[in-house]
Amino acid sequence: MSQYGHSILPPHHPASHFVRKVAEKIVQVSGMGGLKWEVHVIDNPEKNAFVLPGGKIFVFTGILPIVQTEDGLAAVLGHEIAHQVARHSAEKLSTTQLVLLSQILLSFFIDPGFIFNRLLLQFGVLMPFSRRCEVEADYIGMKLMAQACYDPEAAVGVWKRMKEAERQAPPEYLSTHPSNGKPFV
């Protein structure tokens, strides 16, 4: 809130209504209705959305032209809410602790400077783990959006438009997200 508080659209703004309507339907089928969900729309050209632990949903206005419809927004919000359903933030915390312990152990045996260890663990463990979480969130998100009566086929158009908008994105192996052009498995 300290970073984007000045750019958050008021609840009565049409974009806020649009996002909240879709978010409420996805949350309702998620099995996580007990959380105190908050929906915030940030007036910013960034093409992104995220959910913080505890049910804090943030959507940047820059992604709205890419999602275009409620079905398209449901693909994005289903994915983001799926991270909460799957408890990915807790998984990441556990994995990070293991990686830290591995770095310390490897430093005794291989690389006292940590450089090799950091690269090995970053590209060999952390990024693939993050990509696995992203694929799992895609899968769960598609189920959530379908259960909320949105058309999962809309996700195809969203990811095509996102790929077009992100032509300058880094190669997949340098990213925590799978490529937008990669088929969903």
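The values are calculated or read from the model by the stated rules, or taken from the named source; none is laboratory data. Note that the structure is a prediction, hence the values are computed from the model and not measured. Note that each Cβ is placed from the backbone with ideal geometry, even for glycine, and that neighbours are counted across all protein chains shown.
Here are Val27, Val19: which of them is among the hydrophobic types (A, V, I, L, M, F, W, C), at pLDDT 95 or above and touching a Phe, Trp or Tyr at 6+ places or on another chain (Cβ under 9 Å)?
Values: Val19 fails: touching a Phe, Trp or Tyr at 6+ places or on another chain (Cβ under 9 Å).
Exactly one residue qualifies, and that residue is Val27.
Selection of first residues in the range 143-160 that are touching a residue at least 40 places away in the same chain (Cβ under 8 Å) and part of a loop (DSSP other than H, G, I, E, B) and of second residues that are buried (at least 17 other Cβ atoms within 10 Å of the Cβ) and of a type in the set (Ser, Thr, Tyr), restricted to Cβ pairs under 9 Å at least 6 apart or on distinct chains, gives the following pairs, ordered by first then second residue: Ala148/Ser30. When you look at His12, is it exposed (fewer than 14 other Cβ atoms within 10 Å of the Cβ) and modelled with pLDDT of 95 or more, yes or no? Yes; evaluated as a whole, the condition is true for this residue.
Residues in the range 36-51 that are in contact with a helix residue (DSSP H, G or I) (Cβ under 8 Å, 6 or more places away or on another chain) and more than 13 Å from Leu77 (Cβ to Cβ): Ile42, Asp43, Asn44, Pro45, Glu46, Lys47.
Of the residues in the range 39-57, how many are of a type in the set (Asp, Glu) and at pLDDT 95 or above? Working first, answer last.
As a first pass, look at the range 39-57 and keep what is of a type in the set (Asp, Glu): 43, 46.
Now narrow it down to the ones that are at pLDDT 95 or above: 43.
The total comes to 1.
Yes/no matrix, rows are residues, columns are (1) crowded, with 19+ Cβ neighbours inside 10 Å; (2) of a type in the set (A, V, I, L, M); (3) over 15 Å from the mean Cα position of the chain (by Cα); (4) part of a loop (DSSP other than H, G, I, E, B):
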| position | (1), (2), (3), (4) |
| --- | --- |
| Lys25 | yes, no, yes, no |
| Met32 | no, yes, yes, yes |
| Lys36 | no, no, yes, yes |
| Pro45 | no, no, yes, yes |
| Phe50 | no, no, no, no |
| Val59 | yes, yes, no, no |
| Ala75 | yes, yes, no, no |
| Gly78 | yes, no, no, no |
| His83 | yes, no, no, no |
